[in-house]
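Notes for the one structure printed next.
The values are calculated or read from the model by the stated rules, or taken from the named source; none is laboratory data. Source: prediction; values computed, not measured. Please note: Cβ atoms are built from the backbone with ideal geometry, for glycine as well, and neighbour counts cover all protein chains shown. Areas reflect the complete protein model, heavy atoms only, side chains present, ligands, DNA and RNA absent. Shrake-Rupley method; radii C 1.70, N 1.55, O 1.52, S 1.80 Å.
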Amino acid sequence: MRIATLTTALRTQNTVLNLQDQMLRAQQQVSTGKVSQIYSGLTGDNARISIQLREEIQTKEAYVNTIEGVRTRTKIMEAALVGMQDLAEEMRAELIKQQEGKYDDTAPVLKQFADSAIDQLVSLLNSQSEGRYLFNGTSVATQPVIDATTLKTNAFAAITPLAVGNSATVIGDSATFFATDGNWNNVGGLPPGQTQPFAFDAAEGVRLEYGELASNDAFEELFEVFAVFADVDYAAGLDADYGALVTDGLTRVETAADQIGLMIASLGTTQGRMTDLEAQHKDDNTVLTKQLDGIENIDSFEAAAEFQLIQGQLQAAYQTTASIRNLSLANYL
């Protein structure tokens, strides 16, 4: 029989060490379901592809998170706009009730409603989402409309009391007061080139814009009409002048309601676009995740079979090593 040399012994020892490494890797694969815990353990271009796929998945997840955050704000903004449109429609209904010859009965009710409407409109325009004001553009930390009490005090002081032949003056006083933003709102304007208060990236190369400013003409019109009827008092002999206020107010609240309706429609279009893009991102990530799994994951049955095979090989190597170590020249003398 050939006596084992030192080279044979060392070769056997290296085989054992290699098998131990393979067994450790196979054991990790069985327990984690991954080909490797580090990129260097992936073969060929798989490491590079894995990194690229993960970057794409993370990018799309970031888009989804952004869309979900914006959706929360747009839902609150939409509810506020619907509330404003309802307020305009209610004012329209109240103005329609005003009939010549009955102002002494209906005017006090309208006055009370208009006063309350100012409070409601201020509250709606000061709507917040997670501490962010929604109708002040990028100045999200600043309340867009001053408090209702101060607004009414200043506006009423600027409006001339209704008298015979001065309805146009009353209307003009209210319009002049609200034409100056600083009298009632804190909207500072938009950055150069920005057409909407808010904009965000919803996908690669897709930037969506949405939102309205508290200083919008439609809101200003409502304030002007509400202020007039919350301030003026009807008296006998003022039928014609009060009627002129009603006619003017009716036209303007109808226009404002229509404009707010367009804002709601525009916001709805943006929300629909957001929903479509979010669904696309999620579908893409499903495909990308499957591709990533194909590169990084390992078949559990295959990994278990390989583990058992290596285990058998290692056991045989141990037996061979033990036999070599027990060899002695004395056995052949």
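Kindly evaluate I76 against the criterion of being under 28 Å from A199 (Cα atoms), touching an Asp or Glu at 6+ places or on another chain (Cβ under 7 Å) and either at pLDDT 60 or above or open to solvent by 70 Å² or more (accessible area, probe 1.4 Å) (or both).
no
Under 7 Å by Cβ, and 6 or more places apart or on different chains, what pairs join a residue from the stretch 248-271 that is under 27 Å from L208 (Cα atoms) and in contact (Cβ under 8 Å) with a residue 24 or more places away in the chain with one that is among the hydroxyl-bearing types (S, T, Y) and in a helix (DSSP H, G or I)?
L267/T74; T270/T74; Q271/T74
Of the residues that make up the stretch 104-121, is at least one over 30 Å from D239 (Cβ atoms), surrounded by fewer than 20 Cβ atoms within 10 Å (Cβ to Cβ) and either of a type in the set (G, A, S) or in contact with a His (Cβ under 7 Å, 6 or more places away or on another chain) (or both)? Working first, answer last.
Step one: of the stretch 104-121, the residues over 30 Å from D239 (Cβ atoms) are none.
No; the residues of the stretch 104-121 include none that is over 30 Å from D239 (Cβ atoms), surrounded by fewer than 20 Cβ atoms within 10 Å (Cβ to Cβ) and either of a type in the set (G, A, S) or in contact with a His (Cβ under 7 Å, 6 or more places away or on another chain) (or both).
Within the stretch 230-267, count every residue that is outside any helix (DSSP H, G or I) and surrounded by 16 or more Cβ atoms within 10 Å (Cβ to Cβ).
Final tally of qualifying residues: 4.
Anything in the stretch 141-171 that is within 41 Å of the chain's Cα centre (by Cα), among the small types (G, A, S) and open to solvent by 30 Å² or more (accessible area, probe 1.4 Å)? List them, or say none. Show your work before the answer.
Restricting attention to the stretch 141-171, the residues satisfying the condition of being within 41 Å of the chain's Cα centre (by Cα) are 141-156, 158, 171.
If we keep only those that are among the small types (G, A, S) as well, we get 141, 148, 155, 158.
Listed by number, the residues that qualify are A141, A158.
Can you tell me which of (1) free of Cβ contacts under 8 Å to residues at least 40 places away in the same chain; (2) polar (S, T, N, Q); (3) buried (at least 16 other Cβ atoms within 10 Å of the Cβ); (4) outside any helix (DSSP H, G or I) is the one N136 doesn't meet?
Only one criterion in (1) free of Cβ contacts under 8 Å to residues at least 40 places away in the same chain; (2) polar (S, T, N, Q); (3) buried (at least 16 other Cβ atoms within 10 Å of the Cβ); (4) outside any helix (DSSP H, G or I) is unmet by N136, namely (1).
So G205 ticks every box in (1) without any contact (Cβ under 8 Å) to a residue 12 or more places away in the chain; (2) touching a Leu at 6+ places or on another chain (Cβ under 8 Å) but one. Which box is left unticked?
Answer for G205: the failing condition is (2).
Considering only the stretch 76-93, state which residues are of a type outside the set (D, E) and free of Cβ contacts under 8 Å to residues at least 60 places away in the same chain.
I76, A79, A80, G83, A93
Would you please name the residue that is farthest from D147 (Cα to Cα), looking only at residues in the stretch 163-198 that are β-branched (V, I, T) and at pLDDT 95 or above?
First pass over the stretch 163-198, keeping only residues β-branched (V, I, T): 164, 169-171, 176, 180, 187, 195.
Among the residues that remain, those that are also at pLDDT 95 or above are: 164, 169-171, 176, 180.
Values: V164: 32, T169: 26, V170: 23, I171: 23, T176: 19, T180: 16 Å.
Top of the filtered list is V164.
Is it the case that E100 is of a type in the set (D, E), touching a Ser or Thr at 6+ places or on another chain (Cβ under 9 Å) and either within 30 Å of F219 (Cβ to Cβ) or modelled with pLDDT under 90 (or both)?
Criteria not met by E100.
Report whether or not I118 is touching a Lys or Arg at 6+ places or on another chain (Cβ under 8 Å), touching a residue at least 40 places away in the same chain (Cβ under 8 Å) and among the hydrophobic types (A, V, I, L, M, F, W, C).
Yes, satisfied.
Which condition breaks for T195 when tested against (1) under 36 Å from the mean Cα position of the chain (by Cα); (2) surrounded by 12 or more Cβ atoms within 10 Å (Cβ to Cβ); (3) of a type in the set (V, I, T)?
Single failed check for T195: (2).
From E89, E68, which residue is among the acidic types (D, E), over 17 Å from the mean Cα position of the chain (by Cα), modelled with pLDDT of 95 or more and in a helix (DSSP H, G or I)?
E89
F156 is checked against (1) over 30 Å from G268 (Cβ atoms); (2) aromatic (F, W, Y); (3) not in a helix (DSSP H, G or I) and fails just one. What number does that condition carry?
Status for F156: all satisfied but (3).
In the stretch 204-229, what residues are open to solvent by less than 20 Å² (accessible area, probe 1.4 Å) and on the phi > 0 side of the Ramachandran plot?
The one that is open to solvent by less than 20 Å² (accessible area, probe 1.4 Å) and on the phi > 0 side of the Ramachandran plot: G211.
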